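The values are calculated or read from the model by the stated rules, or taken from the named source; none is laboratory data. Quantities reported herein were computed from a predicted structural model and do not represent experimental measurements. When we count neighbours, we look across all protein chains shown, and the Cβ atoms used for this are built from the backbone with ideal geometry, even at glycine. The accessibility values were calculated without ligands, DNA or RNA, using every heavy atom of the protein model including side chains. Shrake-Rupley method; radii C 1.70, N 1.55, O 1.52, S 1.80 Å.
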Amino acid sequence: MAQADRPTGTNSGPHQPGTAPATRRSRLLHLGAPPVAATALTATVALCMTLVAFGNITDFGTNQQFVRHVLSMDTTFEDPDLMWRAVESPALQNAAYVAIIAWEALAALVLLAATWLWITGLRRGAYERARAASTVGLVMVLLLFGMGFLAIGGEWFAMWQSSDWNGLDAATRNVALAAFTLLVVHLPGVRRTGAEST
């Protein structure tokens, strides 16, 4: 007696046991992949920079006083050998503060764009544009907090001498976060080449 024909193919027949757990395991492993970590870290720095810029814009006066005291060096040891560096012009102090806010806002926008490029790139396995945008934004953060606050503010204007207006700890945290994120963004596991849309 001939047996009835049964449909063949991957979509026929009952669901094979173990397929769903395997798919879940694959998704969990994907969440631990370097590109996902790069996406999460870039988004974290983007959020931090957005909130910093937003805070300085909406609460302009608080950090304006910080910049004025740092540039005027009026809470340092006031060593005569260093005080010639002080900037006491309110116009120059305000110009420096506005430039800092503009730089923060621009870095935030670049990093937000980079985050979006990471998210869309995860679907296609294409990370070149996301990595490039992240690099630009993260270097901007490093320049602001590393060169601007640690080097110029901390050393040139002797901010380390001030107990009242000292932003070195906060600057160090931002430098550490941006530098770590930059390292993750450039890990070999993130250098997967995919088709970039034109």
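Looking only at the range 110-128, count every residue that is closer than 16 Å to Ala40 by Cβ, among the hydrophobic types (A, V, I, L, M, F, W, C) and open to solvent by less than 30 Å² (accessible area, probe 1.4 Å) and tell me the total.
Counting residues in the range 110-128 that are closer than 16 Å to Ala40 by Cβ, among the hydrophobic types (A, V, I, L, M, F, W, C) and open to solvent by less than 30 Å² (accessible area, probe 1.4 Å) gives 3.
Could you list, in sequence order, the residues of the range 51-109 that are loosely packed, with under 14 Cβ neighbours inside 10 Å and of a type in the set (Asp, Glu)?
Hits for the range 51-109 are Asp59, Glu78, Asp79, Asp81, Glu88.
For Arg131, state whether it is open to solvent by less than 40 Å² (accessible area, probe 1.4 Å) and of a type in the set (Lys, Arg).
yes
Among what's in the range 187-198 and is over 12 Å from Ala37 (Cβ atoms) and in a loop (DSSP other than H, G, I, E, B), pick the residue that is modelled with the highest pLDDT.
Out of the qualifying residues, it is Arg191.
Quick one: is Glu128 among the charged types (D, E, K, R) and under 23 Å from Asn56 (Cβ atoms)?
Against the criterion (among the charged types (D, E, K, R) and under 23 Å from Asn56 (Cβ atoms)), Glu128 does not qualify.
Could you tell me whether any residue of the range 82-96 is at negative phi, of a type in the set (Phe, Trp, Tyr) and touching a residue at least 60 places away in the same chain (Cβ under 8 Å)?
So far as the range 82-96 goes, no, none of its residues is at negative phi, of a type in the set (Phe, Trp, Tyr) and touching a residue at least 60 places away in the same chain (Cβ under 8 Å).
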